[in-house]
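Read the structure below first, then the notes.
The values are calculated or read from the model by the stated rules, or taken from the named source; none is laboratory data. None of the values given here were measured: they were computed from a predicted structure. As a convention, Cβ positions derive from the backbone with ideal geometry for all residues, glycine included, and neighbour counts pool all protein chains shown.
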Amino acid sequence: MTTSFAPLTTTTALPRVVGAELPVPLVTGGTAEYANLDLAASAPALEDVAAHVTALLPYYSSVHRGAGYASQVCTSALESARATVGSFVGAREDDVVVFTRNTTDALNLLAACVPAFGQVLCLDIEHHANLLPWRRGRHRVLSAAATVEETIAELDSALRATPTTLLAITGASNVTGEVLPIARIVEIAHAAGARVVLDAAQLAPHRCIDIAALGVDYVALSGHKLYAPYGAGALIGRRDWLDAAQPYLAGGGAVREVAAGGVPTWATAPHRHEAGTPNVLGAAALAQACRTLAPVLAEAGPEHERTLLDRLRAGLDGIPGVSTLRIWPDSTERVAVLSFTVADRPAGYVAAYLSAEHGIGVRDGRFCAHPLLSRLNPGSGEALRASIGVGTTAEHVDRLVEALRALVTTGARWTYAPVDGRWAPTPDPRTIDPLGIGASAVATPGCGQR
């Protein structure tokens with residue numbers, strides 16, 4: 001069956017996220033509306049996505065080969081989701097969409113499909129998801145140069161010096177948000193005979209992607225970063241490697257026939273790599289996020305994020321001791337992800353303070369990009385990261401800036417100390433179990449108890 005990847009169109013208004021007015025407790029008393037500036041790690045569900053999943057839940061049933069009406073509804077939802085995700089990234093007519101758990105899963109799947117000849121090349125700026133999977137074969141990690149232009153020249157030289165099967169490159173840095181000129185890099189890679197996989201985990205929530213126009217061979221992305229946190233991701237790209245490789249998992253759904261003795265005839269992609277009962281709700285959620293976001297990213301979304309990112313950078317630049325991080329001085333494009341350090345204060349301490357006293361969520365640490373953080377902040381190798389999305393407001397940005405200014409000028413109002421390896425307020429009067437899940441888990445007997 002040929003899947004049609006038609007362009008997506010829908011409303012262009014900025015969508016709402018679930019929990020947009022979520023009140024969170026403060027150690028100093030009272031509550032604050034949660035300022036979620038940790039979207040680069042995981043984004044909350046869009047209201048459209050949550051509503052779509054709720055509407056599909058009554059029909060939930062196993063897909064493929066089921067004659068029941070609910071099974072047919074879910075099968076249709078799954079295969080329609082495949083076409084929608086392909087359209088979202090501008091897939092070619094002969095491309096295939098394989099549903100995975102997330103970007104890490106998708107890149108590991110592709111790593112198992114790379115032909116044995118040649119090497120896989122990547123830069124040292126990558127997230128671990130785009131560094132570690134390639135270690136199973138011949139691979140080289142190239143250090144990014146001092147400028148974008150020098151880095152591209154180094155990539156060109158490395159690709160021509162050694163036969164390279166695949167270049168694995170990030171769409172946008174998960175540390176600094178900087179974006180390389182992908183189309184130009186793809187042209188260089190193809191000229192050297194290498195295919196290109198784009199880690200779009202950070203790019204897809206912020207910018208339209210057109211893999212046909214870019215010439216990219218494969219794209220990997222995650223639903224939980226695309227406002228669809230229901231456990232699905234995708235690998236989209238050329239079919240031949242996926243059809244030639246052994247199934248990612250062996251099991252039902254990945255086979256056409258199993259002969260006596262258990263000898264299988266494997267299905268072609270995508271089903272070849274989707275053994276077992278698929279995550280129908282996750283795929284449907286991801287597809288709905290794509291439908292909602294496609295026109296937003298084409299129009300209002302990037303400008304909304306650029307305005308808030310400029311506001312944040314200007315605010316941080318005015319605070320003594322706060323330094324923002326970047327990889328290249330000549331990079332001109334970036335998504336709304338910004339990392340920074342605060343002089344003489346551990347990143348974990350600052351993050352705990354922002355959360356406990358101001359209701360702000362940021363990420364701290366090394367962001368699963370250890371080589372890059374070690375270079376950008378040689379002292380501790382750690383930083384703080386603020387990330388902006390469709391649900392971010394100017395008040396969220398201003399609150400972060402003013403909270404950091406207060407920390408630098410007057411200090412924290414509470415005390416903090418490392419607890420189980422993480423900085424935390426001491427004491428902490430807040431409850432971290434508002435749903436009572438911990439208490440119910442303790443009180444619930446197991447199956448063997450009466």
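Miscellaneous remarks
- Some residue of the range 80-87 being more than 20 Å from His273 (Cβ to Cβ) and assigned to a helix (DSSP H, G or I): yes
- Annotation: of all residues in the range 190-209 being over 20 Å from Arg334 (Cβ atoms) and not small (Gly, Ala, Ser), the one that is surrounded by the fewest Cβ atoms within 10 Å (Cβ to Cβ) is His190.
- The residues of the range 272-290 that are crowded, with 19+ Cβ neighbours inside 10 Å and either small (Gly, Ala, Ser) or without any contact (Cβ under 8 Å) to a residue 40 or more places away in the chain (or both), listed by number, are Arg272, Gly282, Ala283, Ala284, Ala285, Ala287, Ala289.
- Selection count, the range 252-295, where residues are assigned to a helix (DSSP H, G or I) and either closer than 19 Å to Ala234 by Cβ or in contact with a helix residue (DSSP H, G or I) (Cβ under 6 Å, 6 or more places away or on another chain) (or both): 18
- Residue check, Leu242 closer than 26 Å to Glu187 by Cα, in a helix (DSSP H, G or I) and outside the structural domain of Gly391 (by TED's automatic domain parsing): yes
- When the residues of the range 369-399 are filtered to those that are assigned to a loop (DSSP other than H, G, I, E, B), more than 23 Å from Pro44 (Cα to Cα) and among the polar types (S, T, N, Q), the one that is modelled with the lowest pLDDT is Ser380.
- Scanning the range 416-430 for any residue that is within 30 Å of Thr292 (Cβ to Cβ) and assigned to a loop (DSSP other than H, G, I, E, B) turns up nothing.
- Screening the candidates Ala267, Ala212, Ala244, Ala314 for the property of being on the phi < 0 side of the Ramachandran plot, surrounded by fewer than 18 Cβ atoms within 10 Å (Cβ to Cβ) and touching a Gly at 6+ places or on another chain (Cβ under 8 Å) yields one hit, Ala212.
- Residue match in the range 10-30 (condition: polar (S, T, N, Q), within 23 Å of Phe99 (Cα to Cα) and at pLDDT 95 or above): no
- Arg256 vs. criteria surrounded by fewer than 16 Cβ atoms within 10 Å (Cβ to Cβ), without any contact (Cβ under 8 Å) to a residue 60 or more places away in the chain and either of a type in the set (Lys, Arg) or not assigned by TED's automatic domain parsing to the domain that holds Asp210 (or both): yes
- Looking across the range 24-52, the residues that are over 24 Å from Leu203 (Cα atoms) and free of Cβ contacts under 8 Å to residues at least 40 places away in the same chain come down to Gly29, Gly30, Ala51.
Residue by residue, here is whether (1) under 23 Å from Tyr227 (Cβ atoms); (2) over 17 Å from the mean Cα position of the chain (by Cα); (3) surrounded by fewer than 22 Cβ atoms within 10 Å (Cβ to Cβ) holds:
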site	(1), (2), (3)
Leu354	yes, yes, no
Ser374	no, yes, yes
Ala386	yes, no, no
Val401	no, yes, yes
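- Within the range 95-109, being of a type in the set (D, E, K, R) and part of a helix (DSSP H, G or I) holds for one residue alone: Asp105.
- The set of residues in the range 405-425 being within 13 Å of Tyr349 (Cβ to Cβ), hydroxyl-bearing (Ser, Thr, Tyr) and free of Cβ contacts under 8 Å to residues at least 12 places away in the same chain consists of Thr415 alone.
- Those residues of the range 36-69 which are in a helix (DSSP H, G or I) and loosely packed, with under 15 Cβ neighbours inside 10 Å, in sequence order: Ala51, Thr54, Ala55, Leu57, Pro58, Tyr69
- Within the range 311-335, residues that are of a type in the set (Phe, Trp, Tyr) sit with their Cβ atoms under 8 Å from residues that are assigned to a helix (DSSP H, G or I), at 6+ positions apart or across chains, in these pairs: Trp328/Val148; Trp328/Thr151.
- Which listed residue is over 30 Å from Pro427 (Cβ atoms), part of a strand (DSSP E or B) and not polar (S, T, N, Q), from Leu338, Leu309: Leu338
- The conditions of being out of contact with any helix residue (DSSP H, G or I) (no Cβ under 9 Å at 6 or more places or on another chain) and either among the charged types (D, E, K, R) or at pLDDT 95 or above (or both) are not met by Asp330.
- Within the range 128-239, strands (runs of 3 or more DSSP E) holding 1 or more residues that are of a type outside the set (D, E, K, R), farther than 30 Å from Ala285 by Cβ and not assigned by TED's automatic domain parsing to the domain that holds Val337: 139-142, 164-170
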